[in-house]
Amino acid sequence: MLLIICLWFLKFRVIAMFMYKTNFIDLEKILKTDIDFLEKIRAISGTIKSILKADRCTIFIHDPKTHTFWSAYIEGISYLELPDNSGIVHDIFEKNQAQVINNVQGNEEYNNTVEENTGYFIHSMIAAPLINKRKEPIGVIQIINKLDDKPYFNQDDEEVVTKILHHINDYTECLSGR
C-alpha cells in the first residue's frame with residue numbers, strides 16, 4: 001500500500017513539473033515577442049496563476065518619489081495605490097524575501113483596503129519581491145487565494161514563484177524606470 005501511495009505521489013510530482021515547464025516555456029516565448037508590455041504582464045500573471053492554481057495575481061511597483069506602490073496589474077479593480085510605509089507589500093519589499101501567508105486576515109501587516117472597495121476576500125497569498133539586476137527590490141507580486149482542493153499555499157509554491165521571478169526580472173524591471 002505504501003508503495004502505491006509513493007508511486008501516486010511521484011506521478012503527481014512529475015505531472016506538476018511537466019505543467020510548470022510547459023507553462024514556463026510558453027511564457028518565455030511570449031515575453032520575447034514584440035507585444036504590448038501590458039500583455040506581457042498579463043502573461044506573467046496568467047502563467048503564475050495557472051501553475052499555482054490561484055485565483056488572482058497583483059503586481060505592485062514602488063515609486064520612491066511619491067512613497068507609494070502602484071498597481072501595474074490588478075484584477076477586479078482598475079488601479080490601486082498604497083502607501084509604502086505599511087502593509088504586506090511594504091513588508092515584503094523591505095525584507096526583499098518571498099513569503100507564504102495562509103492566514104492573511106490574521107497577519108498584522110494586512111491592509112483590507114481592497115476588500116473594503118471590492119468585496120473580494122483574501123484568504124491566502126504568496127507575496128514576493130520583484131527585483132532588478134542589482135538584486136534590489138522594485139516592486140511586489142501577490143498571488144492570491146489558492147483554488148486547489150487544499151486552499152493554502154506551501155513552500156513548494158513559493159519556490160515556483162521565486163524561480164519564475166528570477167527568469168523574468170528583466171521584463172519587470174522596465175516598469176520601475178530604473
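The values are calculated or read from the model by the stated rules, or taken from the named source; none is laboratory data. These figures come from a predicted structure and were not determined experimentally. Neighbour counts run over all protein chains shown; Cβ positions are idealised from the backbone, glycine included.
Summary of values
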read-out: Pick from segment 142-178, criterion touching a helix residue (DSSP H, G or I) at 6+ places or on another chain (Cβ under 6 Å) and of a type outside the set (A, V, I, L, M, F, W, C), ranking: modelled with the highest pLDDT; value: Asp157
read-out: Candidates Leu147, Leu130, filtered to the one that is in contact with a strand residue (DSSP E or B) (Cβ under 9 Å, 6 or more places away or on another chain), surrounded by fewer than 19 Cβ atoms within 10 Å (Cβ to Cβ) and closer than 18 Å to Thr58 by Cβ; value: Leu147
read-out: Single condition Glu116 does not satisfy, out of (1) modelled with pLDDT of 85 or more; (2) outside any loop (DSSP other than H, G, I, E, B); (3) of a type outside the set (Phe, Trp, Tyr); value: (1)
read-out: Hits in segment 73-91 - residues which are in contact with a His (Cβ under 8 Å, 6 or more places away or on another chain) and loosely packed, with under 15 Cβ neighbours inside 10 Å; value: Pro83, Asn85
read-out: Search result, residues across segment 150-163 that are closer than 16 Å to Arg56 by Cβ and part of a helix (DSSP H, G or I); value: Asp157, Val161
read-out: Matching residues in segment 124-145 - criterion: being part of a strand (DSSP E or B), without any contact (Cβ under 8 Å) to a residue 60 or more places away in the chain and in contact with a Phe, Trp or Tyr (Cβ under 8 Å, 6 or more places away or on another chain); value: Met125, Pro129
read-out: Residue match in segment 53-72 (condition: within 17 Å of Leu147 (Cα to Cα), buried (at least 19 other Cβ atoms within 10 Å of the Cβ) and either of a type in the set (S, T, N, Q) or touching a Cys at 6+ places or on another chain (Cβ under 8 Å) (or both)); value: yes
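Residue-wise test of (1) of a type in the set (Lys, Arg); (2) touching a Leu at 6+ places or on another chain (Cβ under 7 Å); (3) farther than 13 Å from Ala127 by Cα.
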{"site": "Arg56", "(1), (2), (3)": "yes, no, no"}
{"site": "Lys65", "(1), (2), (3)": "yes, no, yes"}
{"site": "Ala72", "(1), (2), (3)": "no, yes, yes"}
{"site": "Pro83", "(1), (2), (3)": "no, no, yes"}
{"site": "Gln97", "(1), (2), (3)": "no, no, no"}
{"site": "Val100", "(1), (2), (3)": "no, no, no"}
{"site": "Tyr110", "(1), (2), (3)": "no, no, no"}
